[in-house]
1. For the stretch 85-123, enumerate the residues that are in contact (Cβ under 8 Å) with a residue 40 or more places away in the chain and either among the basic types (Lys, Arg) or touching a Pro at 6+ places or on another chain (Cβ under 8 Å) (or both).
2. Check Leu125 against each of (1) more than 30 Å from Ser26 (Cα to Cα); (2) touching an Asp or Glu at 6+ places or on another chain (Cβ under 8 Å) and name the one condition it does not meet.
3. Which ones in the stretch 42-73 are of a type in the set (A, V, I, L, M, F, W, C), out of contact with any Asp or Glu (no Cβ under 6 Å at 6 or more places or on another chain) and touching a residue at least 40 places away in the same chain (Cβ under 8 Å)?
4. How many of the residues in the stretch 56-82 are among the polar types (S, T, N, Q) and within 17 Å of Gly95 (Cβ to Cβ)?
5. Between a first residue in the stretch 211-233 that is closer than 29 Å to Asp176 by Cα and a second residue that is at pLDDT below 95 and of a type in the set (Ser, Thr, Tyr), which pairs have beta carbons less than 7 Å apart while being 6 or more apart in sequence or on different chains?
6. For the condition basic (Lys, Arg), in contact with a helix residue (DSSP H, G or I) (Cβ under 9 Å, 6 or more places away or on another chain), within 29 Å of Ala238 (Cβ to Cβ) and free of Cβ contacts under 8 Å to residues at least 24 places away in the same chain, what is the one hit in Arg168, Arg126?
7. Kindly indicate whether Ala198 is over 24 Å from Gly116 (Cα atoms) and not hydroxyl-bearing (Ser, Thr, Tyr).
8. Go through the residues of the stretch 1-8 one by one and say whether even a single one is crowded, with 19+ Cβ neighbours inside 10 Å, at pLDDT 95 or above and in contact with a Phe, Trp or Tyr (Cβ under 9 Å, 6 or more places away or on another chain).
Amino acid sequence: MKAAKFSAAPALAAALILAPVSARASVELTPRPPIARDVAAFPRLKTGAPAEVISRVNKALEADEARLRETRKECLAQAEGHGDWSRTVAVTMAGPDFLSLVARDQYFCGGAHPDGGALALVFDLRAGRSVDLVKLLPGLKLKGGLDTSADGAHVGTIASPELTALYRKAIEPNLDAACKDALKGQDLIFIAWPDAKAGGLVIEPENLPHVIAACGDDATLGAETLKAAQAAPEFLAALRAAPAATAR
């Protein structure tokens, strides 16, 4: 099981496309102590959204961490003293209008080898719910799917031939021959998240077999590509206005 997922909520589609852009309030996050040694916690939203939205987002983060604690406990017990679980957390966009947090897990629960992946949580700060990229990028003819992350969350994925073509075009110049061969014929499924520093939407394959997982580097779809994919104007405007030095 690969822990690389994008959290999605289809009910948000109309809000993303029709809701007016909010005032460009600054977003402030409060750091939290680690969940355990080498297991970072998500920061909590402090300002930058209405009180009910802040509460909704923070409750979602707390729920994921509660699930992680239980899953990590089961993992370590299964490994009978030889297990390990670590997590890093990056804030890839902190307003306006969107909050994006990316956790990367590395874990060993016994068996042949360790595993790992990424969990991306992307919230619309006007509604306090997860972003649905299928509706956000209609030009890519995306299909949404469901999977389970390493910490047990039921989360969504996106895929389409158009998205795969954009991904291959972005990464193939930097791939060695072995990875190029390994990725041929793979039906790729992705997670995605906005990245203010990169100025675009990052996509990463989540369904590669363990033996070729290292070939699945992420790639960034820039502003022009997103515009061609008919991205919601509010999303493009938020990316342009996002602080260039988002904390990571």
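1. Once the filter is applied, which keeps residues that are in contact (Cβ under 8 Å) with a residue 40 or more places away in the chain and either among the basic types (Lys, Arg) or touching a Pro at 6+ places or on another chain (Cβ under 8 Å) (or both), the stretch 85-123 yields Arg87, Val89, Val91, Thr92, Met93, Ala94, Gly95, Phe98, Ser100, Leu101, Tyr107, Val122.
2. Exception for Leu125: condition (1).
3. Phe42, Leu45, Ala49, Val53, Ile54, Val57, Ala60, Leu61
4. Kept after step one, since they are among the polar types (S, T, N, Q), are these residues of the stretch 56-82: 58, 71, 78.
Applying the additional criterion that residues be within 17 Å of Gly95 (Cβ to Cβ) yields 58.
Here the count works out to 1.
5. Ala219/Tyr167
6. When all the criteria are applied, what remains is Arg168.
7. Criteria not met by Ala198.
8. No, the stretch 1-8 contains no residue that is crowded, with 19+ Cβ neighbours inside 10 Å, at pLDDT 95 or above and in contact with a Phe, Trp or Tyr (Cβ under 9 Å, 6 or more places away or on another chain).
The values are calculated or read from the model by the stated rules, or taken from the named source; none is laboratory data. What you are looking at is a predicted structure, and each value in this text was computed from that prediction instead of being measured. As a convention, Cβ positions derive from the backbone with ideal geometry for all residues, glycine included, and neighbour counts pool all protein chains shown.
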